[in-house]
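Working notes, structure below.
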Amino acid sequence: MQDKDLPDIVDLVREMGAFGDGGRNRSPGNSNSGYGQGGEPQAKPAPGLPAQSQAAPDLPGHLEGLAARARTYVEAASSPNTRRAYAADWTHFTSWCRRQGLAPLPADPQVVGLYVTALAAGAADNAPGRAAPRSGGRKPHAVSTIERRLSALAWNYSQRGLTLDRKDRHIATVMAGIRNRHASPPRQKEALLPDDLIAMLETLDRGALRGLRDRAMLLIGFAGALRRSEIVGLDCGRDQTEDGRGWIEVLDGGLLVTLRGKTGWREVEIGRGSSDATCPVMALQTWLSLARIAHGPLFRRVTGHGKKVGSDRLNDQEIARLVKRAALAAGVRGDLPEGRRADLFAGHSLRAGLASSAEVEERHVQKQLGHASAEMTRKYQRRRDRFRINLTKAAGL
């Protein structure tokens, strides 16, 4: 299904003006841009391309099929999660512009500079002319959130054939000041180490399909250092589903996972465990056998009081909920209040756990995580190598 937040590829093709004057012309007021005259955002439909200054002819009928195929490629250029986030950020920006009496189009660095200032001041959701209340109001947005929204605006403008100059002084200087005043160290999710994972596995019901599925997902996610989307995107074999992100092959030495991640296609080797209780390959085979899954998505919803397995793949949010739920049930980081513990764990806790606990050369960990640089891999190694090299003693003290 086409994302309503994205410009239509047919409109993009029409803008090229390469099809003569044989079609019916569209007037600016009738374009599916999501904006009325003057660039004011409309409630419905979602923001699309801005109205064109000159009418463009309709696309000839014999090219409609090609345009439909091009649309699927446009959608495949970014993940659904990224498109949803960018669409939400664009909606927030256009809503703020409407309240302030400003036009979101064309790309104006001064308007964007005012917007990021409002985000940093906690006033982006207030009525015009009113500052954020000292108590009971919205908190200022984190610098990382502001950076993401700025990237989302640049992306949305580019999809509309416009360019947002992020180096313009109205944006660059304001962002430099925001970083200097409000930046804070990143809050990383807690790494789940092997003992933590084993304790989490013990909280799952081995006699229930849901427990067997969750067990396999935790072990596969940890041993493969997989992202949430990569776990739930796996199929039993190659080219079995349209929305699949990879597939598995069970070999003598373990599990070979071929998947499409952020950096492209890569292979991940998941070796067999030292015991059946902690073997990711055994856990996966048990789940597939008892769930009677031989084709299509690996991990699916269990319904009917835990006795029926559906046909659709799980949402990647289920991985985050599973990790959080199992970690709390196992008492991981029991030295902290439950409220704080709930914020420590997420899907990335599995990737960070393998990176922090695997006693191998760093290049092997980097390959498993699919990182292009060792520096990125080190960000996942929460507890590894601390004080292993003591420069104080090396200096003679």
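Every read-out reported here was derived from the displayed coordinates using simple, explicitly stated rules and does not represent laboratory data. Nothing here was measured: the structure is a model prediction, and the numbers come from that model. Neighbour counts run over all protein chains shown; Cβ positions are idealised from the backbone, glycine included.
General observations
- For segment 194-380, lysine pairs separated by 8 or more sequence positions, or belonging to different chains, with Cα-Cα distances below 25 Å total 7.
- Rounded if a/c under 1.5, otherwise prolate or oblate - segment 174-284, Cα gyration tensor axes: oblate
- Here the residues 168, 335, ranked from fewest to most Cβ neighbours within 10 Å of their Cβ, fall in the order 335, 168.
- Gyration tensor (alpha-carbon) shape descriptor, segment 80-186, a/c threshold 1.5: rounded
- Full extension of the segment from residue 63 to residue 184, taken as 0.36 nm per residue of separation minus the current Cα-Cα distance, would add 38.4 nm.
- The string of couplings for segment 189-195 from the Karplus curve (6.51, -1.76, 1.60, θ = phi - 60°) is 6, 5, 7, 8, 7, x, 4 Hz, one whole number per residue in order, with x for Gly and Pro.
- Around residue 109: net Lys/Arg minus Asp/Glu count, Cβ-Cβ under 10 Å: 0
- As a proxy for reagent exposure, 293, 220 were ordered by neighbouring Cβ count within 10 angstrom, fewest first; the result is 293, 220.
- Ranked for footprinting exposure by Cβ neighbours inside 10 Å, fewest first, 166, 363 give 363, 166.
- Sparse-neighbour loop sites [GluC sites (Glu not before Pro); segment 230-296; at most 14 other C-beta within 10 Å; DSSP]: 242
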